[in-house]
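Here's the structure, in structure tokens; my notes come after.
What follows is calculated from the coordinates using simple rules that are stated; it is not laboratory data. A quick note: this is a predicted structure, and the numbers were derived from the prediction, not measured. Cβ sites come from the backbone with ideal geometry, for glycine too, and all protein chains shown count toward neighbours.
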Amino acid sequence: MPRILIADDSIVFRRLMSDVAGTFEGCTVVGQAHNGKVAMQQVEQLEPDILTLDMEMPEMDGLQVLEALRKVAKPPAVLVVSSLTERGGELTLKALKLGAFDFFTKPQTGSMDSAREELKAAMEPRVRALSLRYNVRDILRKPMVPDSGDPTGAKLPDVSPGRDGAIRENTNGSPFAWKEHRVVHSASEGSIPVKPGTIPIAPIKPEMIVIGVSTGGPNALAFLIPALPDTIGVPVFIVQHMPPLFTQSLANSLEKKSALTVTEAVHNGLAKPNCVYIAPGGSHMRLQPGAAGEITIKITDDAAENNCRPSVDYLFRSVSQHFPGRALSVILTGMGSDGALGVRLLKRTGCISLVQDESSSVVYGMPKAVADAGLADLILPLDRIAETITRIMKRS
């Protein structure tokens, strides 16, 4: 089980983190560092599996530590501990780009007991995810997305409809070698994938793309959204599990590198084609038709769902209610199962469902929940999703 090193310039927070991490079954806190320089020394000496890293420290800040870790033979996986500020959001996105596994924010509550509970709820599932999913020492060396001048990073597959309406993925570049999956429909259980066979893709014309994502999402979105052309012809709606202020930083970052217009969604906004709308952190996003049938965005403070706000299920449910059979859904990397119920509701109306595969996911939780329920029309690596979306939209 993981050996954890804690780096933070606040002695109070170091002790709190150490106490909380010490309660995780099988985990050992092997050290504490009050600045980045000491953290790097202890990484070399103690060889921890996980480093919790404060972004703003003296001597070496968090970003400098992440840069230095790239030169370490056995780097730990990094969990960024961020302040809930706009600057904190910007630094966190940079840290994730440099290879950090995930992030959580410092507790905002006043009492020590409530801060302890908030910290445990944020930290423990991420430590567990690291323990179960990876050899944690390989996290920084595992490329999050292909490093290539080509935004797709690799030769993308041929994905085209067969005579039965199915879409099949060409796995080796040959026009005759098709990797096929069969989806057998059951009235009670939804779709159950069986190999070999074909996937029947609903013969609909998607009028929107809805995306749900969590852990690993900022890097996945930074790869996917810029790979979509500005002729996609429909609006794109994203729920990324993030706190307030961070989603605005994410939108700003994606806007700079994408052909599509990317913004944080606003209440009563009217959706436009070739625009991407990100649900604001700390709030839900739902869609409903306007007076003239246009897509209207509603931002709400309704109760969290799946311990998430924004919630993927919340968005997808509204789409199934108000725009049946008119969406293409995509579930990307993330912990938990948020989105599985929403995809089930969408599939009942005839929507198309894509999920990211296990090998390219940082955490194969949300995509797995959809795939295991038999609700995925296609299971694809990250570097093939944008091209598949584009082909589906062109086919439509």
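Within the same chain, aspartates and glutamates fewer than 8 places from residue 272 are excluded, and of the rest, those with a Cα less than 19 Å from its Cα are 207, 230, 255, 264, 294.
Treating each Cα of region 3-138 as one equal point scatterer and applying the Debye formula with no solvent, the log10 of I(q)/I(0) at q = 0.09, 0.20 Å⁻¹ comes out as -0.22, -1.22. Each peptide in 363-374, 10-21, 211-222, 27-38 receives the mean, over its residues, of other Cβ atoms within 10 Å, and ordering these scores from highest gives 211-222, 363-374, 27-38, 10-21.
Would you mind putting 71-81, 113-123 in packing order, based on average other-beta-carbon counts within 10 Å, highest first?
71-81, 113-123
Model label points for residue 85 and residue 302, set 7 angstrom from Cα along the Cα-to-Cβ axis, are 3.5 nm apart.
What list do you get for 313, 8, 357 if you sort them by fewest beta carbons within 10 Å?
Starting with the residue having the fewest Cβ neighbours, the order is 357, 313, 8.
Looking only at region 257-280, which residues have a backbone nitrogen under 17 Å from a spot 7 Å from the Cα of residue 292 in the C-beta direction? Flagged as within label range: 268-274.
Ranked by the mean number of other Cβ atoms within 10 Å of their residues, highest first, the peptides 315-327, 335-347 fall in the order 335-347, 315-327. Overall, region 1-81 carries a charge dipole of about 200 debye about its Cα centre when +1 sits on the Cβ of Lys and Arg and -1 on the Cβ of Asp and Glu, all other atoms neutral.
In this simple spin-label model, placing a label point 7 Å from the Cα along the Cα-to-Cβ direction at both residue 270 and residue 74 gives a separation of 6.1 nm.
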